[in-house]
Amino acid sequence: MSCLKQSNLRGFACEQSCLTRSDGSATFNQGETTVLAAVYGPVEVKLSKEHVEKAAVDVIYKPKVGIPGCKEKATEQLIKSTCETVLLVALHPRTAVVIVLQEMQNTGSLLSCCINACCQALMDAGINMRCLVCAVTTTVDQEGHIILDPTSKQEEDGKAVLTFAFDSKTNGVIMTTTSGIYSSQEYQECLLSAQHASAKIFEFYRDSILKKLSRVS
Amino acid sequence: MADVFKKVEPAEYYRRHLTHDARPDGRQLLAFRDVVVSVGTIGTADGSALVRLGGGGTTVVCGVKAELASPRPDTPARGYVVPNVELPALCAATLRPGPPTALAQTLSQAMADLIENSGCVDAGALCVSPGRLVWALHVDAVCLAHNGNLADACAAAVVAALRDTTLPAITIDDETGRVRVDSGRERAPVAASAFPVAASFAKFDNDILFADPTAEEEALATATVTVATLEDGSLCLLHKAGGSAMTEKELQQCVDRAQVRGAELRHLVNKVAASKEC
Amino acid sequence: MKDHPLSNCEEKFVLAAIAENRRFDGRGVYIYRPIVILYGHDRGCCHVQIGCTRVLAQVSCEVIIPKQTRPNEGVLHMNVELSPMACPSFEAGKQSDYGVEVNRALERLLRDSLCIDLESLCIMSGEKVWQIRVDVHVLNHDGNLIDCSSIAAIAALSHFRRPDVTVSGEEVTIHPLDEKDAVPLSVNHIPLSVTFAFFDQGRTLLVDPTDQEERVMDGKMVVGINKHRELCMLHVSGKMLVLQDQVVRCVNIAAARVGEITDLIKDTLEKDNAARKSGKEFGFAKCLADVILGVDDLLKHYVDSMSVDTTSVGQTAKTVVDADGNRVQMEVDNAETGNVSIKVPGTGKMSTNTEGGAVTWCEGEESDSDVILLDKNDSTSSEVSSKQVSAVVELSDSEEESVLMTSQDLERTELSKSRAIETRENRGGRCRGKSFGGRNRGKRGRGNGQRYF
């Protein structure tokens, strides 16, 4: 039976309202992986993308180097469907919520950092959400041990990389995506470890918001 | 009357059927549609397959063309596979002609991930001359009809086509450096032993799990999960993009059902491939 | 998305203030906002802030075939992206006129001034050269994008290290970074741009305009110059006429400013190199949080590495996986006996005990069962129902309009149910771990958990 090799999350840092033009923005650091997220919303929407009953969520992910391709499109769709689940889109029909993500540094666990930055930016923008979302990346190394919040080297050396996103109310899995080959047992272990880790991340969100609003009477 | 009700209240229409423990097309909740697989359909391609789910259901045809090319700079001794999924306007009423939609691009990326993660094509075996010449496989999947569950159909078509692909032997003249295709010798198959099979599930009303959703069911679904399994029971893809939350037990049920489906589909494709040879 | 337009009274107010040589942030007319330069974890990654304007630059390299006309030279490629996060009016993917202007200005400043020695990028003449690609991302737009981008680009180029290459005869080996130390680019000089905003037909000049000042200015002049007072680029745009002595005046001011900024770049580069050598922390993670100016501390939050308690994970996972494990294994083994029929060599069909439009594709004839189970194509079912509406069954006693299921529909579901029962019996040997009972449902309660056969 495989066991956990590294059950430490790297140090987290976040900064909210770092940009002046967008409705909400946040920089999220997981160790040395940094992602900057900006949110505009609800704003006017192009007629082709307009939904009569809900807000249209649009995600733009910009990698640091090169022109965005199919891979970035797939990441955008993933983050878009995750955000559509947590936002109360029915409250803002015929509008759009635009989320722009910029990769600033990537030393592993990039997708989960993107989703965490997204959630913080949405909180900063104050758009109605039904729950919070946080994401955790795990890796299964060649011996079958689980590593939480892996670095790029650990991701490359491992045999599988699995990312999970959880909601804050039920702690259920909103999003999961994997690459590599792994067994059912390894998958479940990664899922449960990530679930435990998500509790810490939600605590971090809570503390950062408490700090931000501490001066407001 | 029923179809008026279906148009006006599609979700309620489904719920009424569920009280009688069936889906409108009569399937059980975790049952998959009938599958027809045909390999070697395209004579001009190096490998091809056609997959059809259910009568009047999702149809995907896939062709593989091999090309000799210079290797990518960071992998001089490996060939590569370039998958491309096309959703032309004819396959569904909601699609328009034009540049590839986000859905098509996501599917192309999903196929690329599936091929790479499962190792169903041995990239090292595609190398002809390290650093100079490798095989590049262009895998083009075209959807002819879209009635839900494109992921499964595309994956099945792509993998079946790759298993059907054979490459001619290549000789390189050492002195002149000329490349010659040896049509006399037997063609070598391309696929490795791994045979991934994808199975998709949809969740309805945050509660009920369906397997192999049709297009209507996909529109009503609150979440979709795709699981790809290999022969030895390991997983190579588990993809859930947003939607209502699922517990680990529910995900495990999907995995279990996908394992069984994988075994069934592998049995079918192997039998079809064997029938073609004799 | 549309940006906030500037109101007329705002415009008049700004112009009136500038006429008195007053700026909103209290700066002098020839003074820059505070400039902050940070380097990232990767080599060649630089983040520059001028006041609230933020720009990120990343340099990368690739081996390519050189141009036919210049077989001995490498290629420097500049790409400026105006990200939608910088300003709502910027669109992703499409380059607007302003984007083209910034791009061209930067190209002329860096590429045409030959600040990087392109011949040193040659590996094998005519066959392999390095392509140095600079991606500049504008993160926040508060005026003066060209200056900010130029500082970011040249600082990133000076920060970047490319892999070392050895050429022996026809063999070219590119050494990975852990084998041999990376080599810096040969930077000949550091050209920087200084933007001047013109007001009142050139009578008032401002250096480093903010976004508000840019919106009301008559035009702008961008002077590209290096520390040694060598002019690299001159760009004038807007609706104004520029006099000769104004140009000379601007160039002199620019030379002074550029000297200061060049010293700042060199200073920060040295500090970053020292930090990397001595093993101290470097990169955005802590720097960004510490150094951002004019922002409340309350908006930043930091937590050290946290440990997660995962002692029970292995056991719980095993329970979940094994819950249905035996049944699954049995079914997988039985899958080999599934009904596969091969009608034609190369084509096979698998029916999995399910209804729902049986596939008639392989078979030539149509079976009777297909007629009843025909899918709910609107046209056919309405046709059929109009012929055969005999008994009508009321389904629910709700206040809403009752659902009428014709006997035909009922028959259909009866048939499917009986088939379901049939197949369940057929499967004799397999154990159905969980079976769904309870057709009796008083309320339409969802219950707890899964329903499935």
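May I ask you to verify whether residue B:76 is under 11 Å from residue A:70 (Cα atoms), open to solvent by 40 Å² or more (accessible area, probe 1.4 Å) and assigned to a loop (DSSP other than H, G, I, E, B)? The answer is no for residue B:76. The set of residues in region B:188-214 that are exposed (fewer than 14 other Cβ atoms within 10 Å of the Cβ) and under 27 Å from residue B:64 (Cα atoms) comprises B:188, B:193.
Of all residues in region C:316-336, those that are within 7 Å of another protein chain (Cβ to nearest Cβ) have Cβ atoms under 6 Å from Cβ atoms of residues that are open to solvent by less than 40 Å² (accessible area, probe 1.4 Å) and of a type in the set (D, E, K, R), 6 or more apart or on another chain, in C:317/A:189; C:320/B:248; C:324/B:256; C:328/B:256; C:335/B:264. Can you find a residue in region B:56-73 that is of a type outside the set (A, V, I, L, M) and out of contact with any strand residue (DSSP E or B) (no Cβ under 8 Å at 6 or more places or on another chain)? Among the residues of region B:56-73, not one is of a type outside the set (A, V, I, L, M) and out of contact with any strand residue (DSSP E or B) (no Cβ under 8 Å at 6 or more places or on another chain), which makes the answer no. Starting from residues that are among the acidic types (Asp, Glu) and within 36 Å of the chain's Cα centre (by Cα), keep the ones in region C:17-44 and report whichever is least open to solvent (accessible area, probe 1.4 Å). Selected residue: C:42. Looking at (1) open to solvent by less than 70 Å² (accessible area, probe 1.4 Å); (2) of a type outside the set (Gly, Ala, Ser); (3) in contact with a strand residue (DSSP E or B) (Cβ under 8 Å, 6 or more places away or on another chain), which is the only condition residue C:14 fails? The failed condition is (3).
Residue count for region B:34-60 under the criterion of being part of a loop (DSSP other than H, G, I, E, B) and either within 8 Å of chain C (Cβ to nearest Cβ) or not small (Gly, Ala, Ser) (or both): the result is 11.
Tell me, please, whether a residue that is in a strand (DSSP E or B), within 25 Å of residue B:261 (Cα to Cα) and of a type in the set (A, V, I, L, M, F, W, C) can be found in region B:3-18.
Quick first cut of region B:3-18, residues in a strand (DSSP E or B) only: none.
The answer is no; no qualifying residue exists.
The C-beta contact set for region C:37-49 (first residue at positive phi, second residue aliphatic (A, V, I, L, M) and surrounded by 23 or more Cβ atoms within 10 Å (Cβ to Cβ), distance under 7 angstrom, 6+ apart or interchain) comprises C:44/C:59; C:44/C:156.
Taking residue C:101, is it within 23 Å of the chain's Cα centre (by Cα), surrounded by fewer than 22 Cβ atoms within 10 Å (Cβ to Cβ) and assigned to a strand (DSSP E or B)?
no
Please tell me if residue B:153 is in a strand (DSSP E or B) and buried (at least 24 other Cβ atoms within 10 Å of the Cβ). Steps first, please.
Details: in a strand (DSSP E or B): no; buried (at least 24 other Cβ atoms within 10 Å of the Cβ): yes.
Spelling it out, it is not the case that residue B:153 is in a strand (DSSP E or B) and buried (at least 24 other Cβ atoms within 10 Å of the Cβ).
Do the conditions hold for residue C:66, that is, is it over 16 Å from residue A:104 (Cα atoms), touching a residue at least 60 places away in the same chain (Cβ under 8 Å) and surrounded by 21 or more Cβ atoms within 10 Å (Cβ to Cβ)?
yes
Screening region B:231-251 for residues that are part of a helix (DSSP H, G or I) and either closer than 15 Å to residue C:333 by Cβ or within 7 Å of chain A (Cβ to nearest Cβ) (or both) and picking the one that is least open to solvent (accessible area, probe 1.4 Å) gives B:251.
Specify the residue that is farthest from residue B:41 (Cα to Cα); the eligible residues are those in region C:313-351 that are hydroxyl-bearing (Ser, Thr, Tyr) and either open to solvent by less than 60 Å² (accessible area, probe 1.4 Å) or assigned to a strand (DSSP E or B) (or both). Write out each step before concluding.
Let us first name the residues in region C:313-351 that are hydroxyl-bearing (Ser, Thr, Tyr), namely C:316, C:319, C:337, C:341, C:347, C:351.
Now restrict to residues that are either open to solvent by less than 60 Å² (accessible area, probe 1.4 Å) or assigned to a strand (DSSP E or B) (or both): C:316, C:341, C:347, C:351.
On the way: C:316: 48, C:341: 18, C:347: 9, C:351: 21 Å.
Result: C:316.
Contact annotation: residue pairs with Cβ atoms under 8 Å, 6 or more positions apart or on different chains, pairing a residue in region A:167-187 that is more than 7 Å from chain B (Cβ to nearest Cβ) with a partner that is open to solvent by less than 10 Å² (accessible area, probe 1.4 Å) and part of a loop (DSSP other than H, G, I, E, B), are A:186/A:144. Looking at this structure, is residue A:43 of a type in the set (A, V, I, L, M, F, W, C), in contact (Cβ under 8 Å) with a residue 24 or more places away in the chain and either in contact with a helix residue (DSSP H, G or I) (Cβ under 7 Å, 6 or more places away or on another chain) or within 7 Å of chain C (Cβ to nearest Cβ) (or both)? Against the criterion (of a type in the set (A, V, I, L, M, F, W, C), in contact (Cβ under 8 Å) with a residue 24 or more places away in the chain and either in contact with a helix residue (DSSP H, G or I) (Cβ under 7 Å, 6 or more places away or on another chain) or within 7 Å of chain C (Cβ to nearest Cβ) (or both)), residue A:43 qualifies.
Note on region A:63-104: among residues that are facing chain B (nearest Cβ under 9 Å) and open to solvent by 40 Å² or more (accessible area, probe 1.4 Å), the one that is farthest from the chain's Cα centre (by Cα) is A:70. Would you confirm whether or not region A:118-134 contains a residue that is open to solvent by less than 10 Å² (accessible area, probe 1.4 Å) and part of a strand (DSSP E or B)? Within region A:118-134 (the criterion being open to solvent by less than 10 Å² (accessible area, probe 1.4 Å) and part of a strand (DSSP E or B)), the answer is yes, since at least one residue qualifies.
State all residues of region C:22-62 that are part of a loop (DSSP other than H, G, I, E, B) and small (Gly, Ala, Ser); if no residue qualifies, say none. Reasoning before the result, please.
Pass one, region C:22-62, residues part of a loop (DSSP other than H, G, I, E, B): C:22-34, C:40-44, C:51-52.
Across region C:22-62, the qualifying residues are C:26, C:28, C:40, C:44, C:51.
When A:37, A:13, A:55 are checked against the criterion of being more than 9 Å from chain C (Cβ to nearest Cβ) and touching a helix residue (DSSP H, G or I) at 6+ places or on another chain (Cβ under 7 Å), a single residue qualifies: A:55.
Tell me, which strands (runs of 3 or more DSSP E) lie completely within region C:142-260 with 1 or more residues that are open to solvent by 40 Å² or more (accessible area, probe 1.4 Å)? Spell out how you get there, then give the answer.
Values: elements: C:165-168, C:171-174, C:192-199, C:204-207, C:219-225, C:231-238.
Hits in region C:142-260: C:165-168, C:171-174, C:231-238.
Scanning region B:106-138 for residues that are open to solvent by 30 Å² or more (accessible area, probe 1.4 Å), among the β-branched types (Val, Ile, Thr) and touching a residue at least 60 places away in the same chain (Cβ under 8 Å) yields one hit, B:128. Against the numbered list (1) touching a residue at least 24 places away in the same chain (Cβ under 8 Å); (2) more than 10 Å from chain A (Cβ to nearest Cβ); (3) assigned to a helix (DSSP H, G or I), residue B:259 comes up short only at (2).
Is there a residue in region C:263-274 that is touching a residue at least 60 places away in the same chain (Cβ under 8 Å) and of a type in the set (Asp, Glu)? Yes, region C:263-274 contains a residue that is touching a residue at least 60 places away in the same chain (Cβ under 8 Å) and of a type in the set (Asp, Glu).
Is there a residue being without any contact (Cβ under 8 Å) to a residue 60 or more places away in the chain and within 10 Å of another protein chain (Cβ to nearest Cβ) anywhere in region B:66-75? Step through it out loud before you land on a result.
Step one: of region B:66-75, the residues without any contact (Cβ under 8 Å) to a residue 60 or more places away in the chain are B:72-75.
With within 10 Å of another protein chain (Cβ to nearest Cβ) added as a condition, the list becomes B:73-74.
Within region B:66-75 (the criterion being without any contact (Cβ under 8 Å) to a residue 60 or more places away in the chain and within 10 Å of another protein chain (Cβ to nearest Cβ)), the answer is yes, since at least one residue qualifies.
From the list B:18, B:29, B:103, the one residue that fits, being more than 14 Å from chain C (Cβ to nearest Cβ), of a type in the set (A, V, I, L, M, F, W, C) and surrounded by fewer than 21 Cβ atoms within 10 Å (Cβ to Cβ), is B:103.
Taking the condition of being under 19 Å from residue A:87 (Cα atoms) and crowded, with 24+ Cβ neighbours inside 10 Å, how many residues in region A:17-39 meet it? Even if it seems obvious, please write down each step before you answer.
Keep residues of region A:17-39 that are under 19 Å from residue A:87 (Cα atoms), which gives A:22-26, A:37-39.
Add one more test, that the residue is crowded, with 24+ Cβ neighbours inside 10 Å, and what stays is A:22, A:25-26, A:37-39.
Here the count works out to 6.
Quick check on this structure: which one of A:115, A:60 is open to solvent by less than 40 Å² (accessible area, probe 1.4 Å), within 14 Å of chain B (Cβ to nearest Cβ) and assigned to a helix (DSSP H, G or I)? It would help to see each step written out before you state the result.
On the way: A:60 fails: assigned to a helix (DSSP H, G or I).
On inspection, the qualifying residue turns out to be A:115.
The values are calculated or read from the model by the stated rules, or taken from the named source; none is laboratory data. This structure is a prediction, so every number in the text was calculated from the model and none was measured. Virtual Cβ from ideal backbone geometry, glycine too; neighbours counted across all protein chains shown. All accessible areas refer to the heavy atoms of the entire protein, side chains included, with ligands and DNA or RNA removed. Shrake-Rupley method; radii C 1.70, N 1.55, O 1.52, S 1.80 Å.
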